[in-house]
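Here's the structure we're looking at; comments come further down.
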Amino acid sequence: MSKAPIRFDGRTAIVTGAGSGLGREYALELARRGARIVVNDLGGSGAGDGTSTAPADAVVAEIQSSGGTAIANYDSVATRDGGERIVRAAVEAFGGVDILISNAGILRNGRFDELTDAQIDAVFSVHLKGAFYVGQPAFKVMKQKRYGRILFTASSSGLFGHPWQANYAAAKAGLAGLSNVVALEGADFNITSNALLPAAWTRLADEIDWGWRAECAQVDDAFAKMTPPSDPARLSPRSVAPLALFLVSEQCRATHGLYSAAHGRYARVFIGATQGWVSAEPSKVTVEDIAAHWERVEERASFTEPLSVYHEVLDTEQARRQQHPAESKARD
Ligand SMILES: NC(=O)c1ccc[n+]([C@@H]2O[C@H](COP(=O)([O-])OP(=O)(O)OC[C@H]3O[C@@H](n4cnc5c(N)ncnc54)[C@H](O)[C@@H]3O)[C@@H](O)[C@H]2O)c1
């Protein structure tokens, strides 16, 4: 494999929530590699309370002191106006936007049956609506220039599950769906879209309510068996940044993907469909038929990863041909 340096000279990147944690690391490393950066950060607490210009200013100062180019932006991603202003800042200062890392985030944990509207709305607004509010204007600019690299920040909480994070998990899983559609709509404009599932020890860890451990035995068992990482670098934002940067580089052609960077492992995460059981007469299928074919429904030895709704139909037709060769022959 080529180890040619991956550079971002001449590229403009917006990193939301770049005042601390993962976003800060992405912004610093992109700048080191030549990109011009819009360092966006609202500067509130991990739960999303308050505002401050200090975190974004500090990252801009750090970039500039090493000879890089960056401007600060303090708008909230959680409003349409804020999203527009973030993208306008990039266009006015640097003439466009080539890269968007949608990363800003907050946490508000609670039991599923006790989550309040305030907890649900705040988390959806920052993570899910924020990705639309910054993503839509950025996508418009990218379409005009026929170039773009978009990275949404999903989470293993959303794709795999984490107790007491139903609001956060739903928003993060929603981002996987959003990224899939942006990837399809961006394909003809040379715009890629992927979603990252990072893991890093940041201040968001302070927002986790560990009360779930007493109530969710199965997950607590896994938690208890985890080997504490002997090397803190395995959970540092530094360890996540290389995959994030590769995904927004010109060299990376991958799109429509989910990728995990956690504890030193870099992996593709995917959603597949088993070959399943294909009925010869779907209009006559009964509940008992489903029960009788349950093993086949669940059997994961053979699966596909459909690229769209219509690719899933093609996969189904393929499965039908395999399971009902006589019927398929008669039709052909
Ligand atoms: N740390 C992890 O293990 C982990 C795991 C999965 C996903 N994530 C996701 O990674 C992203 C970064 O999180 P982090 O761990 O670096 O946390 P962090 O708290 O260090 O960084 C998040 C940043 O987003 C900013 N922010 C929050 N609301 C904002 C808003 N409305 N507008 C603009 N900026 C806003 C905050 O001020 C903060 O600087 C988040 O989306 C988070 O959900 C993190």
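List, please: which pairs have Cβ atoms under 8 Å, are six or more places apart or on different chains, and start with a residue in region 78-89 that is at negative phi and end with one that is in a helix (DSSP H, G or I) and aromatic (Phe, Trp, Tyr)?
Hits for this filter: Ala78/Tyr133; Thr79/Tyr133; Arg80/Tyr133; Gly82/Tyr133; Gly83/Phe132; Gly83/Tyr133; Glu84/Tyr133.
Please name all residue pairs, on different chains or six or more residues apart, with Cβ atoms under 6 Å, provided the first residue is in region 303-322 and is of a type in the set (Lys, Arg) and the second residue is exposed (fewer than 15 other Cβ atoms within 10 Å of the Cβ).
What qualifies is Arg321/Ser328.
In this structure, is Thr51 surrounded by fewer than 17 Cβ atoms within 10 Å (Cβ to Cβ) and near the ligand (Cβ under 10 Å from one of its atoms)?
Values: surrounded by fewer than 17 Cβ atoms within 10 Å (Cβ to Cβ): yes; near the ligand (Cβ under 10 Å from one of its atoms): yes.
In short, yes.
Filter region 1-48 for residues that are surrounded by fewer than 20 Cβ atoms within 10 Å (Cβ to Cβ) and among the basic types (Lys, Arg) and give the result.
Those that are surrounded by fewer than 20 Cβ atoms within 10 Å (Cβ to Cβ) and among the basic types (Lys, Arg): Lys3, Arg7, Arg32, Arg33.
Select, from Arg321, Arg300, the only residue that is closer than 30 Å to Thr255 by Cβ and assigned to a loop (DSSP other than H, G, I, E, B).
Exactly one of Arg321, Arg300 is closer than 30 Å to Thr255 by Cβ and assigned to a loop (DSSP other than H, G, I, E, B), namely Arg300.
Could you check region 4-47 and list, in sequence order, the residues that are near the ligand (Cβ under 7 Å from one of its atoms), under 19 Å from the mean Cα position of the chain (by Cα) and either part of a strand (DSSP E or B) or farther than 11 Å from Ile101 by Cα (or both)?
Matches in region 4-47: Gly19, Ser20, Gly21, Asn40, Asp41, Gly46.
Which residue is nearest to the chain's Cα centre (by Cα), if the candidates are limited to region 116-140 and must be more than 16 Å from the ligand (Cβ to nearest atom) and surrounded by fewer than 20 Cβ atoms within 10 Å (Cβ to Cβ)? Step through it out loud before you land on a result.
From region 116-140, those more than 16 Å from the ligand (Cβ to nearest atom) are 116-117, 139-140; that's our starting set.
Keeping just the survivors that are surrounded by fewer than 20 Cβ atoms within 10 Å (Cβ to Cβ) gives 116-117, 140.
On the way: Thr116: 24, Asp117: 24, Lys140: 20 Å.
Ranking the qualifying residues of region 116-140, first place goes to Lys140.
Could you identify the single residue in Asn103, Asn73 that is near the ligand (Cβ under 9 Å from one of its atoms), closer than 23 Å to Gly135 by Cβ, in contact (Cβ under 8 Å) with a residue 60 or more places away in the chain and surrounded by 16 or more Cβ atoms within 10 Å (Cβ to Cβ)?
Answer to the selection: Asn103.
Which one of the conditions (1) within 28 Å of Gly48 (Cα to Cα); (2) surrounded by fewer than 16 Cβ atoms within 10 Å (Cβ to Cβ); (3) among the aliphatic types (A, V, I, L, M); (4) within 16 Å of the ligand (Cβ to nearest atom) does Met226 fail to meet, given that it meets all the rest?
(1)
Take region 46-62 and flag every residue that is touching a residue at least 24 places away in the same chain (Cβ under 8 Å) and more than 19 Å from Ile86 (Cα to Cα).
Gly46, Ala47, Glu62 - these are the residues of region 46-62 that are touching a residue at least 24 places away in the same chain (Cβ under 8 Å) and more than 19 Å from Ile86 (Cα to Cα).
Report yes if Asp221 is surrounded by fewer than 16 Cβ atoms within 10 Å (Cβ to Cβ) and more than 14 Å from the ligand (Cβ to nearest atom), otherwise no. Spell out how you get there, then give the answer.
Values: surrounded by fewer than 16 Cβ atoms within 10 Å (Cβ to Cβ): yes; more than 14 Å from the ligand (Cβ to nearest atom): yes.
It is true that Asp221 is surrounded by fewer than 16 Cβ atoms within 10 Å (Cβ to Cβ) and more than 14 Å from the ligand (Cβ to nearest atom).
Among the numbered criteria (1) crowded, with 24+ Cβ neighbours inside 10 Å; (2) under 26 Å from Ile71 (Cβ atoms); (3) within 16 Å of the ligand (Cβ to nearest atom), which single criterion is violated by Lys172?
All conditions pass for Lys172, except number (2).
Any chance you could count how many residues in region 141-169 are within 16 Å of the ligand (Cβ to nearest atom) and in contact with a helix residue (DSSP H, G or I) (Cβ under 8 Å, 6 or more places away or on another chain)?
18
Report, by residue number, each residue of region 274-289 that is surrounded by 15 or more Cβ atoms within 10 Å (Cβ to Cβ) and small (Gly, Ala, Ser). I'd like the intermediate steps shown before the answer.
Taking region 274-289 and keeping what is surrounded by 15 or more Cβ atoms within 10 Å (Cβ to Cβ), we get 274-279.
Hits for region 274-289 are Gly276, Ser279.
Sort out which residues of region 153-171 are outside any helix (DSSP H, G or I) and in contact with a Leu (Cβ under 7 Å, 6 or more places away or on another chain), and write them in order of number.
Result: Thr153, Ala154, Ser155.
Could you please let me know if Ile86 is within 22 Å of Lys140 (Cβ to Cβ), within 12 Å of the ligand (Cβ to nearest atom) and touching a strand residue (DSSP E or B) at 6+ places or on another chain (Cβ under 9 Å)?
yes
Can you tell me which condition Leu243 does not meet? The list is (1) out of contact with any strand residue (DSSP E or B) (no Cβ under 9 Å at 6 or more places or on another chain); (2) surrounded by 12 or more Cβ atoms within 10 Å (Cβ to Cβ), and all the others hold.
Every condition holds for Leu243 apart from (1).
Can you tell me which residues in region 76-88 are surrounded by 19 or more Cβ atoms within 10 Å (Cβ to Cβ) and within 15 Å of Thr12 (Cβ to Cβ)?
Ile86, Val87
What's the number of the only condition in (1) exposed (fewer than 14 other Cβ atoms within 10 Å of the Cβ); (2) within 15 Å of the ligand (Cβ to nearest atom) that Arg234 fails to meet?
It is condition (1) that Arg234 fails.
Read-outs throughout are calculated quantities, based only on the coordinates presented, and are distinct from any laboratory measurement. Just so you know, these numbers come straight off a predicted model, no measurement behind them. All Cβ positions, glycine included, derive from the backbone under ideal geometry; neighbour counts span all protein chains shown.
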